[in-house]
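The values are calculated or read from the model by the stated rules, or taken from the named source; none is laboratory data. No experiment lies behind these values; they were computed from the predicted model shown. Using ideal geometry, Cβ is built from the backbone for each residue, glycine included, and neighbour counts are taken over all protein chains shown. Side chains are part of the model used for accessible areas, which takes the heavy atoms of the whole protein and leaves out ligands, DNA and RNA. Shrake-Rupley method; radii C 1.70, N 1.55, O 1.52, S 1.80 Å.
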Amino acid sequence: MASNIILLGPPGAGKGTQAELTVEKLDVPHIATGDILRTAVSEGTELGLKARKYMDAGDLVPDELVVQIVRDRLKQADCADGFVLDGFPRTIEQAEALDEALGELETTKPLVVNMQVDDEILVKRLSGRRMCDNCGAIFHISRDDVESGDTCPKPDCDGTIYQRSDDRPEAIRQRLAVYKEQTEPLIQYYNGKGQLVEVDASDSIERVNDTVMAALRDRGIG
Ligand code: AP5
């Protein structure tokens with residue numbers, strides 16, 4: 001059985017943070033559509049040029065662009081024993097396309113970990129988030145001694161710390177609204193298929209990871 005996992009949850013729930021910890025323990029790839037799109041934007045590729053306006057506004061990039069990226073990525077050899085999907089699917093159309101792609105690959109149905117956090121905490125997490133433009137590490141100004149413009153504190157990384165353009169207050173509000181309208185219906189979609197497990201993600205990073213790993217073990221993963 002492949003360790004196929006989807007981390008579902010609102011912006012700032014900690015999907016990226018938990019994905020990094022989880023892939024380290026399970027030795028499977030972390031596939032984050034947000035990271036793939038941000039790289040395309042910073043490299044100025046055709047995909048990046050198309051995606052930028054949606055991302056800056058806090059809206060979803062059109063399904064057809066994102067679905068193709070994930071379809072191609074899942075076919076790669078390193079996904080044979082599993083993967084952690086972070087930020088995909090985000091619409092029912094994307095979930096249906098994923099079901100089809102995984103069916104074609106004849107792999108295990110993914111376990112969907114739904115990470116629940118109240119809006120007030122999400123806004124605090126997002127507005128204080130800082131990232132490295134080289135290694136992609138995720139920081140928070142309340143916990144880590146970093147600010148925009150600093151050199152990344154990770155060993156062997158000389159990247160620069162920055163604040164994401166969609167972590168401005170207007171974009172955060174829009175992303176939360178888009179989540180509720182377009183992504184939250186996935187909770188029912190996956191619950192109906194018996195693939196959903198709920199996790200309280202408002203606790204500390206380490207405690208949330210303990211809960212996630214325990215939920216995975218309960219379902220025979222890890
Ligand atoms: P994406 O990058 O996927 O953003 P998101 O889903 O909005 O999620 P975030 O990355 O903001 O949050 P997260 O849950 O990963 O939290 P994190 O771990 O960083 O997407 C960006 C954009 O790309 C979208 O708006 C859209 O335009 C486009 N896009 C991407 N995928 C798409 C798709 N499938 N379809 C269409 N468009 C798509 O943590 C946040 C902060 O909280 C950090 O500072 C972290 O240190 C802190 N933190 C995390 N966990 C904890 C904890 N337990 N306690 C305290 N602090 C914590």
Measuring from centroid to centroid over Cα atoms, what is the spacing of region 144-161 and region 1-77 in Å? 22
Give me the accessible area of ASP119, 1.4 Å probe, in Å² rounded to the nearest 10. 60
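Taking the Cβ-Cβ separation of ASP78 and ASP56 as r and a Förster radius of 35 Å, what is the calculated FRET efficiency to the nearest 0.05? Numbers along the way, then the final one.
On the way: r = 31 Å, r/R0 = 0.89.
Using R0 = 35 Å, I get an efficiency of 0.65.
Any idea what the alpha-carbon Rg over 2.2 N^0.38 Å comes to for region 85-212? Intermediate results must be reported in sequence, preceding the final value.
Details: Rg = 17.1 Å, N = 128, 2.2 N^0.38 = 13.9 Å.
Working it through for region 85-212, the quotient is 1.23.
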Once phi is turned into ³J(HN,Hα) by the Karplus curve 6.51 cos²θ - 1.76 cosθ + 1.60 with θ = phi - 60°, what whole-Hz value does each residue of region 99-110 show in order, with x for glycine and proline? 3, 5, 5, 5, x, 4, 7, 6, 10, 5, 5, x
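Would you calculate a helix-derived [θ] at 222 nm for the chain, using -39,500 (n - 2.57) for each DSSP H run of n ≥ 4 and dividing by the full residue count, to the nearest 500?
-14000 deg cm²/dmol
What do you get for Rg/Rh over region 20-121 if you use C-alpha atoms and the Kirkwood form of Rh?
Using Cα coordinates only, the ratio equals 0.97.
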In whole Hz and in residue order, list the ³J(HN,Hα) couplings for region 4-17 that follow from phi through the Karplus curve 6.51 cos²θ - 1.76 cosθ + 1.60, θ = phi - 60°; x for Gly and Pro. 9, 10, 10, 9, 10, x, x, x, x, 5, x, 4, x, 4
Taking the convex hull of Cα positions in region 48-108, its mean projected area over all directions (nm²): 4.5
Given labels modelled 7 Å from the Cα in the Cβ direction, how far is it in nm from SER148 to GLU104? 4.1
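When N is the residue count of the chain, what does its C-alpha Rg come to as a fraction of 2.2 N^0.38 Å?
Numbers: Rg = 16.7 Å, N = 222, 2.2 N^0.38 = 17.1 Å.
For the chain, the normalised Cα radius of gyration comes out at 0.97.
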What distance in nm separates the simple spin-label points at ASP27 and MET1, each placed 7 Å from Cα in the Cβ direction? 1.9
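Under 8 Å for C-alpha pairs, at least 6 residues apart: give me the relative contact order for the chain, rounded to a whole percent.
On the way: 329 pairs, mean separation 64.0, N = 222.
Across the chain, relative contact order equals 29 percent.
Need the full-extension length gain, GLU184 to ASP63, defined as separation in residues times 0.36 nm minus the C-alpha distance. One decimal, nm. Working shown, then result.
Values: separation 121, 0.36 × 121 = 43.56 nm, distance 1.60 nm.
Net length gain for the segment: 42.0 nm.
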Going by amide H atoms built from the backbone, whose H comes under 5 Å of the H on CYS152, apart from near neighbours? GLY159, THR160, ILE161
